[in-house]
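The values are calculated or read from the model by the stated rules, or taken from the named source; none is laboratory data. Just so it is clear, the structure is predicted and the values come from calculations on it, not from any experiment. Because the Cβ atoms are built from the backbone with ideal geometry, glycine has one as well, and the counts that use them run over all protein chains shown. Quick note on the areas: whole protein, heavy atoms, side chains included, nothing else; ligands and nucleic acids left out. Shrake-Rupley method; radii C 1.70, N 1.55, O 1.52, S 1.80 Å.
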Amino acid sequence: MTDRIVILTGAGLSAESGLDTFRSAGGVWSQVRLEDVATPEAFARDPARVHAFYNARRQGAAAVDPNAAHKALARLQKNHPGAVTIVTQNVDSLHEAAGAQVIHMHGQLDQALCAACNHRWPAPIEMQPHQTCPNCGQQTTRPDIVWFGEIPYHMERIDAVLSDATLFAAIGTSGQVYPAAGFVEIAAAAGARTIELTLEPSAVSQLFDETDHRKATEAVPAWVDRLLAG
Ligand code: APR
C-alpha cells in the first residue's frame, strides 16, 4: 500500500465502547444545552457547572475500553508507519489506548490547560473551579477542550496532511461541525479518494466517493483488512 491516508474520527467511533455521541438519538446535546457547558461564555458564567460536565465525561471515558474499530485503525497505522494520520474530534483517549497516535483537534479530557500561560498538565479526574496553575500560579485553570467559538488545535498540520492525502476516510462523524466537516472537500480537491464510514449518512455523505453505513466495529475492521490486503 503506497497510499497517504488521512482519517477523521468522531463520536460514533467511541459509541460501541459505551460513550454517548452528541447528535444521535439521546445524545449529549439532547441531555444538556451546549450553550451551557461548551462555550467560553458558559465557563466564565458558571465554571463549576462546566467543570462538573467535563468531570462526568472524564470519569465515563476512563471507565471504558477501545473497541474493534479503534484497534483496527491502530493496526493500520502500525503496518504503514508514517503513512496514516488520524485526526480525531474526540476528546477521549481510546485511540491511544488502542495503540494509535492521533491529532486531537478538539482537545483532550485528560489534559488541564492554563488560560493565562497555556501550560498543560494531566487533568485530575475531578477538576475544580479556580484551581491554581502549577506553572504560573494564577487561578486560570480550565479543561483543555476546544469550545464552540474557539479555534481547533493543529489546523496547519491538518491542512498540510489533507492537501497531500491520496485517501481520506471520515469515521463516526455527522459532518455538522466545521472545519472538520469540510476536510473531505480539501482532500478531494487534492485528488484523494474519499470514503465515509458512519452508521447513518452524514450531512456531507454526498461528497464522498464511497460510503459504508454500518456500525464502526463492523465497517472499520473490514475496511482496514481490504487496505492491508491490497
Ligand atoms: N458506528 C459508526 N458510526 C456511528 C455509530 C456506530 N456505532 N453510532 C453513531 N454513529 C455515527 C452517527 O451516525 C453520526 O453520524 O456517528 C456520528 C456521530 O455524530 P455526532 O454525535 O454529531 O458526533 P461528531 O460528528 O463527532 O460531533 C462533532 O461536535 O459537539 C461537537 O466537539 C463536539 O467533536 C464533537 C463535534
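List the number of the failed condition for Ile151; all other conditions in (1) surrounded by 13 or more Cβ atoms within 10 Å (Cβ to Cβ); (2) of a type in the set (Val, Ile, Thr); (3) under 30 Å from Phe53 (Cα atoms) hold.
Exception for Ile151: condition (1).
Just to be sure, is Thr39 within 30 Å of Gln139 (Cβ to Cβ) and surrounded by 15 or more Cβ atoms within 10 Å (Cβ to Cβ)?
Details: within 30 Å of Gln139 (Cβ to Cβ): yes; surrounded by 15 or more Cβ atoms within 10 Å (Cβ to Cβ): yes.
Against the criterion (within 30 Å of Gln139 (Cβ to Cβ) and surrounded by 15 or more Cβ atoms within 10 Å (Cβ to Cβ)), Thr39 qualifies.
Just to be sure I understand the filter: pairs with C-beta atoms under 9 Å, separated by 6 or more residues or on different chains, first member in segment 183-199 and within 15 Å of Val84 (Cβ to Cβ), second member at pLDDT below 95. Which pairs pass?
Matching pairs, first to second residue: Ala192/Asp3; Arg193/Asp3.
For segment 92-121, give me the residue count where each residue is within 26 Å of Arg4 (Cβ to Cβ), of a type outside the set (D, E, K, R) and not in a strand (DSSP E or B).
10
Looking at (1) out of contact with any strand residue (DSSP E or B) (no Cβ under 9 Å at 6 or more places or on another chain); (2) closer than 25 Å to Asn79 by Cβ, can you tell me which one Glu200 breaks?
(2)
Scan (1) open to solvent by less than 60 Å² (accessible area, probe 1.4 Å); (2) within 16 Å of the ligand (Cβ to nearest atom); (3) in a loop (DSSP other than H, G, I, E, B) for the single condition Arg58 breaks and write down its number.
(3)
Please determine, by comparing only the residues of segment 13-36 that are touching an Asp or Glu at 6+ places or on another chain (Cβ under 9 Å), open to solvent by less than 40 Å² (accessible area, probe 1.4 Å) and outside any loop (DSSP other than H, G, I, E, B), which one is farthest from the ligand (Cβ to nearest atom).
Restricting attention to segment 13-36, the residues satisfying the condition of being touching an Asp or Glu at 6+ places or on another chain (Cβ under 9 Å) are 14, 17-19, 24, 26-28, 31, 35-36.
From the residues that got through so far, the ones that are open to solvent by less than 40 Å² (accessible area, probe 1.4 Å) too are 14, 17, 19, 27-28, 36.
Applying the additional criterion that residues be outside any loop (DSSP other than H, G, I, E, B) yields 14, 28, 36.
Values: Ser14: 9, Val28: 7, Asp36: 13 Å.
Applying the filter and picking the extreme gives Asp36.
Only one of these is of a type in the set (Val, Ile, Thr) and within 9 Å of the ligand (Cβ to nearest atom): Thr85, Thr39, Thr9. Name it.
On the way: Thr85 fails: within 9 Å of the ligand (Cβ to nearest atom); Thr39 fails: within 9 Å of the ligand (Cβ to nearest atom).
Testing whether each residue is of a type in the set (Val, Ile, Thr) and within 9 Å of the ligand (Cβ to nearest atom) leaves just Thr9.
Quick grid of which residues meet (1) of a type in the set (Lys, Arg); (2) farther than 24 Å from Ala44 by Cβ; (3) surrounded by 15 or more Cβ atoms within 10 Å (Cβ to Cβ):
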{"site": "Ile86", "(1), (2), (3)": "no, yes, yes"}
{"site": "Asp92", "(1), (2), (3)": "no, yes, yes"}
{"site": "Gln139", "(1), (2), (3)": "no, no, no"}
{"site": "Glu156", "(1), (2), (3)": "no, yes, no"}
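Considering only residues that are open to solvent by 40 Å² or more (accessible area, probe 1.4 Å), among the hydrophobic types (A, V, I, L, M, F, W, C) and closer than 29 Å to Asp65 by Cβ, which ones fall in segment 169-222?
The answer is Leu199, and nothing else.
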